[in-house]
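The values are calculated or read from the model by the stated rules, or taken from the named source; none is laboratory data. It should be emphasised that the depicted structure is a prediction, and the values quoted were computed from it without experimental measurement. Ideal geometry is used to build each Cβ from the backbone, glycine not excepted, and the neighbour counts take in all protein chains shown. Just so you know, the surface numbers come from the protein's heavy atoms only, side chains and all, with ligands and any DNA or RNA stripped out. Shrake-Rupley method; radii C 1.70, N 1.55, O 1.52, S 1.80 Å.
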Amino acid sequence: MIKAVLFDIDGTLLDTEKQVIAGLQETLREQKGLQVAAEDLFYTLGIPGKQVVADFADSDSESDQLLQSWESKMKTNFKDVQIFPGIVDLLEGLREKGLLLAIVTSKNKSEFVDEVTPFGLNSYFQAVITASDTLKHKPNPEPILKGLDELQVLAEQAIYVGDAVYDLRSGKASGTKFALATWGAKFHSEFEQADYQLQHPQDLLQIITKENSSN
């Protein structure tokens, strides 16, 4: 039986790619004089911002400065972020089926409060795991395992939904099934390992109904 669904945020629940990448490009251009193509920054989607800026900083203090600048630009840009079509209906449907729901994100707690809470989705989730809550981060399984612990469900009773290869690796390592949110995903050969390829959010409801009716 599938009892719980855990979700990534960026590229899964919220369409944030353009805002995240544009903010990072602008920060690197202003702070480091670097012109970095968007496609060369796609690897940053799905990992903590602190880890991202460390790739470009020469010191811890510069890393903090870059992260602060990036976060500031994302706050400004987030006025253009939208919830992906079908997500609210999916969350409503899962709640009606009595499933437990959690968020497992690489955003830190303050980023979650500033960037996600305004969309009004928090009430759907019984647990929220941010990068502030664990020592290790995706692709390590620790964040998902913490989410499972807070929901008090076993890994085999849960599905993790994400759009990045880090999500897939974290889900596989945790023992959950992994569902790829294709609406936010960039091609990666490892996505062949996904248990489910979701073309539309409603696909997940059909999968869970089928899984639970066969048990």
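Restricting to bridges with both residues inside the chain, how much of the DSSP beta-bridge set is antiparallel, in percent to the nearest 5?
Working: 2 of 21 bridges.
Percent antiparallel among DSSP bridges in the chain is about 10.
Given a Förster distance of 25 Å, report the FRET efficiency between Glu26 and Asn122 from their Cβ-Cβ distance, rounded to the nearest 0.05.
The value I calculate is 0.30.
Could you tell me how far the Cα centroid of the stretch 16-30 sits from the Cα centroid of the stretch 136-163, in Å?
First find each Cα centre; the distance between them is then 29 Å.
Give the residue list of chymotrypsin sites (Phe, Trp or Tyr not before Pro) in the stretch 24-94 that are DSSP loop and have at most 14 other beta-carbon atoms within 10 angstrom. Display every interim value, and only then the final one.
Working: sites: Phe42, Tyr43, Phe56, Trp70, Phe78; in loops: Phe56.
Sites meeting the loop and neighbour criteria: none at all.
Just want to confirm a number: the relative contact order over the stretch 77-151, from Cα pairs under 8 angstrom separated by 6+ residues, in percent.
In percent, rounded to a whole number, it is 33.
Would you mind calculating the gained length between Ser132 and Asp195 on full extension (0.36 nm times residue separation, minus the Cα-Cα distance), in nm to one decimal?
Details: separation 63, 0.36 × 63 = 22.68 nm, distance 2.83 nm.
The Ser132-Asp195 span can extend by a further 19.8 nm.
Hey, what's the chain come to in accessible area per residue, 1.4 Å probe, Å²? Each step should come with its number before you reach the end.
On the way: 10140 Å² over 215 residues.
Value returned for the chain: 47 Å² of accessible area per residue.
Rounded to the nearest 0.05, what FRET efficiency do Lys18 and Leu154 have when you use their Cβ-Cβ distance and R0 = 25 Å? Could you put the intermediate results ahead of the total?
Numbers: r = 37 Å, r/R0 = 1.49.
After rounding to 0.05, the efficiency reads 0.10.
Using a 1.4 Å probe on the protein heavy atoms, what percent of the accessible area of the stretch 1-129 belongs to carbon and sulfur? Display every interim value, and only then the final one.
On the way: 2780 of 5990 Å².
Solvent-exposed carbon and sulfur of the stretch 1-129 make up 46 percent of the total.
For the chain, count the residues as N, evaluate 2.2 N^0.38 Å, and divide the Cα radius of gyration by that value, please. List each step's numbers first, then the result.
Numbers: Rg = 17.0 Å, N = 215, 2.2 N^0.38 = 16.9 Å.
Output field value: 1.00.
If you build the convex hull over the alpha carbons only and average its shadow over all orientations, what do you get for the stretch 138-215? Give it in nm² to one decimal. Kindly include the intermediate steps, with their values, before the conclusion.
Numbers: hull surface 20.3 nm².
Mean shadow area of the hull around the Cα atoms is 5.1 nm².
For the stretch 84-161, what does the alpha-carbon gyration tensor say about shape, rounded, prolate or oblate, given a ≥ b ≥ c as the root eigenvalues, a/c under 1.5 as rounded, and a/b over b/c as prolate? Could you put the intermediate results ahead of the total?
On the way: a/c = 2.02, a/b = 1.13, b/c = 1.79.
Oblate shape, in that a/c is at least 1.5 and b/c is the bigger or equal ratio.
Please report, for the Cα atoms of the stretch 7-106, the Rg to one decimal and the Dmax as a whole number; what are they, in angstrom?
15.9, 51
In whole angstrom, note down how far apart the Cα centers of the stretch 68-109 and the stretch 175-215 are.
Cα centroid of the stretch 68-109 versus Cα centroid of the stretch 175-215: 18 Å apart.
In the chain, which whole DSSP H runs stretch at least 24 Å along their own axis (Cα) and average 0.0 or higher on the Kyte-Doolittle scale?
none
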